[in-house]
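*Asks:* Below is one structure. I have some questions about it.
The values are calculated or read from the model by the stated rules, or taken from the named source; none is laboratory data. What you are looking at is a predicted structure, and each value in this text was computed from that prediction instead of being measured. Here the Cβ positions follow ideal geometry from the backbone for every residue, glycine too, while neighbour counts run over all protein chains shown.
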Amino acid sequence: MSKLSNLVEENDLGEWRRTHYSSEITPSLENVDVLIMGWVSSVRDHGNMQFVILTDRSGSSQIVAKKGECSEHLYGQLQHLKQHSSIAIRGVVKPQKKAPNGAEIMPSGLKVFSMAKKPAPFEMQGSTNVGIDTRLDLRALDLRRDHLQNIFQIRHTILQGIREFLVKQNFTEVDTPKMIATSTEGGAALFPIFFYDREAFLAQSPQLYKEQLTMAFENVFEIGPIFRAEPSRTNKHLSEAISIDVEKAFVDYNDMMSLLEEMIGYIITLIKKKNRDALEYLEFPLPSISSFQKYPYTEVVEILQEKGERIKWGEDLTSLALKNLQPDKSSSFYFITDWPSSIKPFYVRNSIKSENICESFDLMYGTLELSSGSTRINRKHELLERMKKQGLNIGSFDYHLRVFDYGVPPHAGFGIGLERLLMAITKTDNIRDATLYPRDIDRLTP
């Protein structure tokens, strides 16, 4: 126990245990003795009355102490509380229309577990005018802000919804290695690591493993980290992100587009049901979940060329160029399909219509790419041919190629970035506010 002043001391938890969360403090508990725990979000001195707002994972409670109605010692303790201190309050519930949930607590006891030593460098309510780096330097404190609390409650619902939806669709959740021997997609954007006496890499995708797993489980999904060593300083790139990867046997890319569209509809419906308070606080409309339009890559290029964009068929589509699409193609979710084979990974199957086009899609939200998917190649000779065309070291992929001697089923799949999906749904401008502890070219701590 360390003394902070004549009135306030830090205490251990001891025998005290929470009886209720803030969201449960309602008029129905009138005259009930409760014990709540959380952190101090504000303290107000009104002369003969002390108001303390305590916040926990469920919301906030109002504690009101009146001179003469509580002990002088307790009243003095409440006066000396600091914002952000970790505390427990024991007291009796009284109805109060102006208080959160229509009730407040008249305190009879207080424990201060940890007193804040300095004021926060940014405001906790509403928007803050400090730079994001200042907030990220104290990310755990930043995550107490109401805005981010609501963002991450929606993130939790998205993850819950994805798992519920895919399990109902007979998918098995899997986990694939994050330390790998070679590139997944043939690119150079890899983080090298030491693996005992040899070099290895952090996985940029579970792609090849989830394809193999369709042989054993048919339908699989994984929610886990991916690592991309791309030196990007934009508001939509991270070096470590969470990817939702889905792979299904005996289907093609059209089936996967339908599945992805249905999954997003399920998620948004669940958010409407479970996150009403968050949606009200954030004051934004959820994206429309009407049928997602499909636009072939060739058509998109023609539209952009008509708009004056200097883009050639076979080039990738930049966010800047996509701003010139028609409004109905840039306001909500839509697919760009049938991309040139030359700019897609080696495992993507060519279209039967043309070897220059492959059975692939990108899911877009405005100019933001959320997901890529395709029909995969399931025959070894076709896979070898594509790998040779792309100049890949075939020997490095022997562990993958050998399974194609044992009847790999036709299959298709997609990967979708959790942070980007959260950005789209919550209208978040910076991807760093869609992840708890962002990692990018400039940040490795906290």
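*Asks:* Of all residues being out of contact with any helix residue (DSSP H, G or I) (no Cβ under 7 Å at 6 or more places or on another chain) and either modelled with pLDDT of 95 or more or not in a helix (DSSP H, G or I) (or both) in the range 129-140, which is surrounded by the fewest Cβ atoms within 10 Å (Cβ to Cβ)? Just the residue, please.
*Replies:* Out of the qualifying residues, it is Asn129.
*Asks:* If I filter the range 28-35 for residues that are outside the structural domain of Gln83 (by TED's automatic domain parsing), farther than 25 Å from Leu141 by Cβ and either modelled with pLDDT of 95 or more or exposed (fewer than 15 other Cβ atoms within 10 Å of the Cβ) (or both), do I get at least one hit?
*Replies:* Within the range 28-35, none of the residues are outside the structural domain of Gln83 (by TED's automatic domain parsing), farther than 25 Å from Leu141 by Cβ and either modelled with pLDDT of 95 or more or exposed (fewer than 15 other Cβ atoms within 10 Å of the Cβ) (or both).
*Asks:* Against the conditions (1) farther than 18 Å from Leu238 by Cα; (2) in contact (Cβ under 8 Å) with a residue 40 or more places away in the chain; (3) charged (D, E, K, R), where does Lys168 fall short? Just the number, please.
*Replies:* (2)
*Asks:* Name the pairs whose Cβ atoms lie under 6 Å apart, with the first residue in the range 97-122 and exposed (fewer than 15 other Cβ atoms within 10 Å of the Cβ), the second modelled with pLDDT of 95 or more and in a helix (DSSP H, G or I), and 6 or more positions between them or separate chains?
*Replies:* Final answer for the pair search is Gly102/Pro27.
*Asks:* Another question, then. Determine whether Arg276 is more than 20 Å from Glu164 (Cα to Cα), free of Cβ contacts under 8 Å to residues at least 24 places away in the same chain and either touching a Gly at 6+ places or on another chain (Cβ under 8 Å) or not acidic (Asp, Glu) (or both).
*Replies:* No; evaluated as a whole, the condition is false for this residue.
*Asks:* Among the residues of the range 216-225 satisfying the criterion of being part of a strand (DSSP E or B) and without any contact (Cβ under 8 Å) to a residue 60 or more places away in the chain, which is surrounded by the fewest Cβ atoms within 10 Å (Cβ to Cβ)?
*Replies:* Looking at the filtered set, the residue picked out is Pro225.
*Asks:* Continuing with this model, one more query. Look at the range 156-184 and say how many of its residues are in contact with an Asp or Glu (Cβ under 9 Å, 6 or more places away or on another chain), not basic (Lys, Arg) and not in a loop (DSSP other than H, G, I, E, B).
*Replies:* Result for the range 156-184: 5.
*Asks:* Just one of Gln169, Gln153 is assigned by TED's automatic domain parsing to the domain that holds Phe397 and either closer than 30 Å to Lys118 by Cα or of a type in the set (Lys, Arg) (or both); which is it?
*Replies:* Sole residue among the options that is assigned by TED's automatic domain parsing to the domain that holds Phe397 and either closer than 30 Å to Lys118 by Cα or of a type in the set (Lys, Arg) (or both): Gln153.
*Asks:* Go through the residues of the range 280-291 one by one and say whether even a single one is more than 30 Å from Ser58 (Cβ to Cβ), buried (at least 20 other Cβ atoms within 10 Å of the Cβ) and not charged (D, E, K, R).
*Replies:* No, that holds for no residue.
*Asks:* Here's something else I'd like to know. When the residues of the range 104-128 are filtered to those that are in a loop (DSSP other than H, G, I, E, B) and of a type in the set (Gly, Ala, Ser), which remaining residue is modelled with the highest pLDDT?
*Replies:* That would be Ala116.
*Asks:* Cβ-Cβ distance below 7 Å, separation of 6 or more or different chains: which pairs start in the range 280-302 with a residue that is of a type in the set (Gly, Ala, Ser) and end on one that is at pLDDT below 90 and not in a helix (DSSP H, G or I)?
*Replies:* Ser288/Ser332
*Asks:* Just checking, how many residues over the range 345-369 are within 16 Å of Leu317 (Cβ to Cβ) and surrounded by fewer than 23 Cβ atoms within 10 Å (Cβ to Cβ)?
*Replies:* Selection size over the range 345-369: 7.
*Asks:* Return yes or no: is Ala189 within 21 Å of Phe397 (Cβ to Cβ) and of a type in the set (A, V, I, L, M)?
*Replies:* The answer is yes for Ala189.
*Asks:* Can you tell me how many residues within the range 191-215 are under 19 Å from Ala229 (Cα atoms) and free of Cβ contacts under 8 Å to residues at least 12 places away in the same chain?
*Replies:* Number of matching residues: 3.
*Asks:* Which count do you get for residues in the range 404-421 that are farther than 18 Å from Glu222 by Cβ and of a type outside the set (Phe, Trp, Tyr)?
*Replies:* Here the count works out to 5.
*Asks:* With the condition kept exactly as written, say whether any residue in the range 71-87 is more than 29 Å from Ala278 (Cα to Cα), part of a strand (DSSP E or B) and either without any contact (Cβ under 8 Å) to a residue 12 or more places away in the chain or outside the structural domain of His156 (by TED's automatic domain parsing) (or both).
*Replies:* no
*Asks:* Taking Leu259, is it assigned to a helix (DSSP H, G or I), modelled with pLDDT of 95 or more and either surrounded by fewer than 17 Cβ atoms within 10 Å (Cβ to Cβ) or in the same structural domain as Thr157 (by TED's automatic domain parsing) (or both)?
*Replies:* yes
*Asks:* Every residue in the range 49-70 that is part of a strand (DSSP E or B) and surrounded by fewer than 18 Cβ atoms within 10 Å (Cβ to Cβ), please.
*Replies:* Within the range 49-70, Met49, Phe51, Asp56, Lys66, Lys67 qualify.
*Asks:* Please find, within the range 226-256, the residue that is farthest from Leu320 (Cα to Cα) out of those that are among the hydrophobic types (A, V, I, L, M, F, W, C), part of a strand (DSSP E or B) and touching a helix residue (DSSP H, G or I) at 6+ places or on another chain (Cβ under 8 Å).
*Replies:* Ala249
*Asks:* Considering only the range 300-311, I want to know if a residue exists there that is touching a Leu at 6+ places or on another chain (Cβ under 7 Å) and exposed (fewer than 14 other Cβ atoms within 10 Å of the Cβ).
*Replies:* no
*Asks:* Residues of the range 415-446 being assigned to a strand (DSSP E or B) and either closer than 16 Å to Gln204 by Cβ or without any contact (Cβ under 8 Å) to a residue 24 or more places away in the chain (or both), which ones?
*Replies:* Gly415, Ile416, Gly417, Asp440
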